[in-house]
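Scroll down for the structure; my scribbles are underneath it.
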Amino acid sequence: MIRTGRQYRDSLRDGRQVFINGERVKDVTVHPSFKPLVDIRALVYDMQHDAATREVMSYCDNGQRHAIGNKLPMTQDDWWDKRRATDTVLDRIGGIVTRIGDETVGEMWSLHDGQDLLNEVDPRFSANIRNHVARVVELDPFHVSANTDPKGDRSKRPQDQDPDMLLHVVKETDAGLVVRGAKYETAAAYANQAFTKPTIANWGDSDYSDYAVGFICDFSSPNLKFICRTGFAGRGPAADYPLANKFDEIDSLVIFDDVLVPWENVLFYRHTRAASFIRATLHRYSAFAYVQRNLKLADMLIGAALFNARQTGLDKQQAVQEKLAQLACYREGINAHLTAAVALGERSPAGLLMPNQSLLFTGRVLATSKLHEMMHIARELCGGQICVTPDKAAFDDPETRPWLEKFYKVNDDWEPEDRRKLLAFARDLLNSDYAGHRLTFQLFAQSPPFAHLAAVYRSFDWNGPLAFVQKAADLSVKVLPPGLKPKRNGAVP
Ligand SMILES: Cc1cc2nc3c(=O)[nH]c(=O)nc-3n(C[C@H](O)[C@H](O)[C@H](O)COP(=O)(O)OP(=O)(O)OC[C@H]3O[C@@H](n4cnc5c(N)ncnc54)[C@H](O)[C@@H]3O)c2cc1C
């Protein structure tokens, strides 16, 4: 079943306790800080029904329609379909939103791959993950991600400080587990559920720690509180901050004040190996949709920089063309990683099609670690006018308008209003509070940079280069046990 935007909005009116700027929010669907993103998420639901976009956004199975984003990936076509559906959304809204479900649902598929491990502790846990993967397909909830605790002092064991610094189980009951702690979660205040799991490997040296717990958190559960960071929407006029006003994805510190998690939502408990497994494999699917956002961000950087260079006639300069070419290399580098990751996809232990892990994770490092440099090139190409241009109010004021129209009319092709709009767009993309926030989001929201590199280290086939050098240097040392061949990353399949 696919939900409608209206059903989604109704699902958020569940008495949840949301706070922002010292205010208790009565209804997130109409509050100015949340409404822009609720409207976009609702639009995504409606696009699944709309005749113009239905085929791209949903698929039919046994006479029922389901969201493409929630479909378990079995083939390369499934990945092309997902990529197309996400692009369709981003093109339609004219901007970038990341935490809208397609990018987070894949975290559950990773645990789905670890069912043998879950069976070691309790077969009910592997049944639970299968049910939840199917439930998302069936019910189409807005599913997000919860990994990051406040953590406290990392030099101490969790037990040696305020124990709530890491989310943990405080009680087992017949109905389920009672958990305490907190997690940072983007979009939680206007989503329905999150796959909640530990983010660190320090469980106090115990194989059966209370901290090693993973579950689906239903956001309508009592005793949850969503304490949100202040929003960017409404801080300045939309004409001056067009991105911040439309696309700000509010993050929450979600407080678990003794929250009951029913047994059917528990995915592992007192099982540090399962917790380690999910840490190591968490993004094997979801990194694809995450990196896809960087591709769109690169398009926005190129578009803003090139329009500016054309407005001012600078695109004829070779030095300017070289900087634009650097942006294009970045963009196409991401595109190549995403495309090749699908073309050279790999079978997962549970038989799903994973994007090629080495190509996906090296692509994520390329996309995130070079983003600040690319923003800087685009900033340079846009010139200093993005930070000195007056706001729209000054362009409208009868006293100042004639001067601004005079100095912002670059030539016969470009009207002052278009020049003002482009500079406002570029400022919000590159220079504003919101721009800095998005740069940090891309760097951190899917784990920090050192974890991105750790994923590369785990997935790159080191044996390929070793085998090559072993032969080239005529070394007698063995690279692999007899009979095993290196995977040869990137070799023609
Ligand atoms: C905008 C935004 C949105 C987010 N959304 C979500 C979300 O939806 N869900 C969610 O769960 N989390 C979310 N996060 C949290 C994000 O996953 C964390 O910020 C990230 O995991 C890092 O944790 P931390 O902030 O506690 O930094 P810390 O763990 O304090 O790390 C800070 C720095 O210390 C260094 N460091 C720490 N540990 C190590 C180590 N072991 N090895 C090497 N260097 C190390 C690194 O330089 C690291 O970047 C979001 C973060 C941001 C900024």
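Things to note:
- Inter-residue pairs, beta-carbon under 9 Å, first farther than 20 Å from Thr368 by Cβ and in region 335-357, second open to solvent by less than 20 Å² (accessible area, probe 1.4 Å) and in a strand (DSSP E or B), 6+ apart: Gly345/Leu353; Gly345/Met354; Glu346/Leu353; Glu346/Met354; Arg347/Leu353; Arg347/Met354; Ser348/Met354
- Qualifying positions in region 223-250 - in a strand (DSSP E or B) and buried (at least 19 other Cβ atoms within 10 Å of the Cβ): Leu224, Phe226, Cys228
- Scanning region 10-23 for residues that are in contact (Cβ under 8 Å) with a residue 24 or more places away in the chain and assigned to a helix (DSSP H, G or I) turns up at least one hit.
- Entry remark, region 203-219: residues being modelled with pLDDT of 95 or more and open to solvent by 60 Å² or more (accessible area, probe 1.4 Å) number 1 in total.
- Only one entry in Gly69, Gly63 is modelled with pLDDT under 95 and among the small types (Gly, Ala, Ser), namely Gly63.
- Single unsatisfied condition, Val410 versus (1) within 16 Å of the ligand (Cβ to nearest atom); (2) in contact with a Gly (Cβ under 9 Å, 6 or more places away or on another chain): (1)
- Selection count where residues are closer than 16 Å to Gly234 by Cβ, in a loop (DSSP other than H, G, I, E, B) and open to solvent by less than 20 Å² (accessible area, probe 1.4 Å), scope region 30-51: 2
- Filtering region 413-442 to residues that are open to solvent by less than 60 Å² (accessible area, probe 1.4 Å) and within 16 Å of the ligand (Cβ to nearest atom) leaves Ser432, Tyr434, Ala435, Gly436, His437, Arg438, Leu439, Phe441, Gln442.
- Asp87 open to solvent by 30 Å² or more (accessible area, probe 1.4 Å) and within 16 Å of the ligand (Cβ to nearest atom): no
- Count of region 136-160 residues which are of a type outside the set (A, V, I, L, M, F, W, C) and more than 15 Å from the ligand (Cβ to nearest atom): 6
- Taken over region 124-147, the residue count meeting the criterion of being open to solvent by 50 Å² or more (accessible area, probe 1.4 Å) and within 25 Å of the chain's Cα centre (by Cα) is 6.
The values are calculated or read from the model by the stated rules, or taken from the named source; none is laboratory data. Quick caveat: nothing in here was measured; it's all calculated off a predicted structure. We place every Cβ from the backbone using ideal geometry, glycine too, and count neighbours over all the protein chains shown. Just so you know, the surface numbers come from the protein's heavy atoms only, side chains and all, with ligands and any DNA or RNA stripped out. Shrake-Rupley method; radii C 1.70, N 1.55, O 1.52, S 1.80 Å.
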